[in-house]
Amino acid sequence: MNAYSERIKNLKPSAIREIFKHTADPAVIPFAAGNPSPEAFPAEKLAAISADIFREEPVTALQYAVSEGYPKLREWVKEDLTQKDIFKAGDDDVIITAGAQQVMELATKVLCNEGEAIICENPSFIGSLNSFRSYNAKLVGVDIDEQGMLPEKLEAALKANPRTAFIYTIPNFHNPTGITTSLQRRKDILSLAYKYNVMIVEDNPYSELRFSGLDIPSVKSMDKKGHVIYAGTFSKTIAPGLRVGYMCAPEGIVQKSIAALQCSTVHTNILAQMIAYRFMTGVNLEEYLEELRLIYKRKCNLMLNSLKFAFPTAVKFTEPEGGLFIWGTLPYSSDGDSAGFCKKAIQHKVAVIPGSAFSIKEGEKTLSFRLNFSTPTDEQIERGVEILAKCF
């Protein structure tokens, strides 16, 4: 008989990963993915870098490494974040992680006692929500509009949950909705974190993929009291398969995170870290990032224009300024949920994620659904939107 732990027995596989299995069928149009565009991968450059590493530093690449991360990459991250007013020398430190996802797991492990609250945007990224659930955290959702979390509802949640470990936010090109939190809302979130003495985990995987609008300062850059943990990643700028990300946080939290990491992965893949360092320092970074932005801008505009042409105006779609996602909302359905629409879509070989997958309350109904424009080809975008419109 299997006796599962209390932490894991009610944990379910990610709905996204389950739907994603359908995309193994090449006939399925992958609107359900959360992947960067395959055409954005610098495969030839990475192959050359890998060959250079094995020729010049094979032992370093194949041996155990320090838990904090590859020293050259850590210093590069610190310098990059210093230029963005995110890293504060003397107060902060950096640890290299297995993608930004591991930052969520480490932050929860370090800060959250069982039963304490984690306050999240509702909807929010299922991968992070499952990390929080795996530690028996109490998830509390705060509704959002096109400007981000509603401050009055965030304060109500903080008042109702005095045992709150942290506030979790994805301020740039939010997953799943694609919205960007306004400057004023970021200030409001930080002010409330100070008022109620809680931490903020700022998840910012898409920051370099802004293709329209103006940059907005990160919450971490405005923090003067050490209340913000910042999560970044190379998954969207180089390749997600490398699994290289980083945490920038007050030094004490980073030190505890290093100890926690030593209990699981010991250290992040050192070869992948070396590749990431050589790539980021070996290209004209601004030119390279601009090439990525042009790819995502074109694909986003293609999907938005196709949606506007194919769907009636009663179906609403967000218009992201960056990132990978568009959020659609139906005006109605027979059962008040988008799940039936998404099920019909997959029967017609288009994979779409129902909004309920991102709800804080499991099983909550929603008329919304998430579309990814980065993974499918241009032809798939046009054909897939046409099929979705017929399903509606």
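The values are calculated or read from the model by the stated rules, or taken from the named source; none is laboratory data. All of these numbers come straight from a predicted model, not from anything done at the bench. Please note: Cβ atoms are built from the backbone with ideal geometry, for glycine as well, and neighbour counts cover all protein chains shown. Areas reflect the complete protein model, heavy atoms only, side chains present, ligands, DNA and RNA absent. Shrake-Rupley method; radii C 1.70, N 1.55, O 1.52, S 1.80 Å.
Using mean Cβ contacts within 10 Å as the protection proxy, how do 86-96, 316-326 order, highest first?
Order by mean packing, descending: 316-326, 86-96.
Arrange the residues K78, K220, K308 by how much accessible surface each exposes, largest first, with a 1.4 angstrom probe. Intermediate results must be reported in sequence, preceding the final value.
On the way: K78 35, K220 0, K308 120 Å².
Ranked list, largest accessible area first: K308, K78, K220.
What percent does the relative contact order of the chain come to when contacts are Cα pairs within less than 8 Å and at least six residues apart? Can you show the working numbers first?
Working: 721 pairs, mean separation 95.8, N = 392.
Relative contact order, the chain: 24 percent.
For V59, tell me the accessible area in Å² from a 1.4 Å probe, rounded to the nearest 10.
110
FRET efficiency for N113 and D80, Cβ-Cβ distance as r, R0 = 25 Å, nearest 0.05?
Calculated value: 0.15.
Could you please state, rounded to a whole Å, how far the C-alpha centre of the range 108-143 is from the C-alpha centre of the range 155-234?
If we compute the Cα centre of each part, the gap is 15 Å.
Which order do the peptides 330-337, 385-392, 29-36, 122-129 come out in when sorted by mean C-beta neighbours inside 10 angstrom, highest first?
Details: 330-337: 12.6, 385-392: 18.0, 29-36: 24.8, 122-129: 23.1.
Output ranking for 330-337, 385-392, 29-36, 122-129: 29-36, 122-129, 385-392, 330-337.
Averaging sequence separations of C-alpha pairs under 8 Å and six or more residues apart, then dividing by the length of the range 258-392, give the relative contact order as a whole percent. Show your work: numbers first, answer last.
Values: 140 pairs, mean separation 33.4, N = 135.
Value for the range 258-392: 25 percent.
Mind checking the dipole of the chain: about its Cα centre, +1 per Lys or Arg Cβ, -1 per Asp or Glu Cβ, Debye to the nearest 20? Walk me through the numbers before you get to the answer.
Working: 44 positive and 46 negative charges, 185 e Å.
That gives the chain a dipole magnitude of about 880 debye.
Give me the distance between the Cα centres of the range 327-351 and the range 50-75, rounded to whole Å.
Spelled out, the Cα-based centre of one part sits 47 Å from the other.
Using the Cβ atoms and a cut-off under 10 Å, what net charge is assigned to the surroundings of T169, where Lys and Arg are +1 and Asp and Glu are -1? Don't skip to the end; give the middle numbers.
Numbers: positive: R185, R186; negative: E121, E202, D203.
Net of charged neighbours comes to -1.
Which of the residue pairs K153/K316; K109/K153; K256/K361; K224/K316 have a Cα-Cα distance greater than 32 Å in the structure shown?
On the way: K153/K316 24 Å; K109/K153 26 Å; K256/K361 30 Å; K224/K316 39 Å.
Listed pairs above 32 Å: K224/K316.
Sorted from largest down, what three extents in whole angstroms do the Cα atoms of the range 172-321 have along their principal axes?
Computed over the Cα atoms, the extents are 53, 43, 28 Å.
First measure r as the distance between the Cβ atoms of D215 and F41, then evaluate 1/(1 + (r/R0)^6) with R0 = 35 Å and state the FRET efficiency to the nearest 0.05.
Numbers: r = 25 Å, r/R0 = 0.71.
After rounding to 0.05, the efficiency reads 0.90.
Which FRET efficiency value, to the nearest 0.05, is calculated for D378 and V59 with the Förster distance at 51 angstrom and r the Cβ-Cβ distance?
Working: r = 45 Å, r/R0 = 0.88.
FRET efficiency, D378 to V59: 0.70.
Only helical DSSP H runs with n ≥ 4 go in: add -39500 (n - 2.57) per run for the chain, normalise by residue count and round the 222 nm mean residue ellipticity to 500 deg cm²/dmol.
Numbers: 14 runs with 160 residues, N = 392.
Rounded to the nearest 500, it is -12500 deg cm²/dmol.
Can you pull a Stokes-Einstein diffusion coefficient for the range 63-221 at 4 °C (1.567 mPa s), Rh from Kirkwood over Cα pairs, as a whole number of µm²/s? Numbers along the way, then the final one.
Numbers: Rh = 16.5 Å.
Rounded, D is 79 µm²/s.
Two decimals is fine: what's Rg over Rh for the chain, C-alpha atoms, Kirkwood radius as Rh? Intermediate values should be presented prior to the final figure.
On the way: Rg = 20.7 Å, Rh = 21.7 Å.
That ratio equals 0.96.
Using a 1.4 Å probe, how large is the accessible area of C342, given in Å² and rounded to the nearest 10?
10
At a 1.4 Å probe, what is the % contribution of carbon and sulfur to the accessible area of the chain? Intermediate results must be reported in sequence, preceding the final value.
On the way: 9010 of 17170 Å².
Answer for the chain: carbon and sulfur cover 52 percent of the accessible area.
Treating each Cα of the range 276-353 as an identical point scatterer and ignoring solvent, apply the Debye formula and state log10 I(q)/I(0) at q = 0.11, 0.14, 0.24, 0.25 Å⁻¹.
-0.45, -0.64, -1.21, -1.26
Which distance in nm do the two modelled labels at V66 and E152 give, with both placed 7 Å along the Cα-to-Cβ direction?
It works out to 5.1 nm between the two label points.
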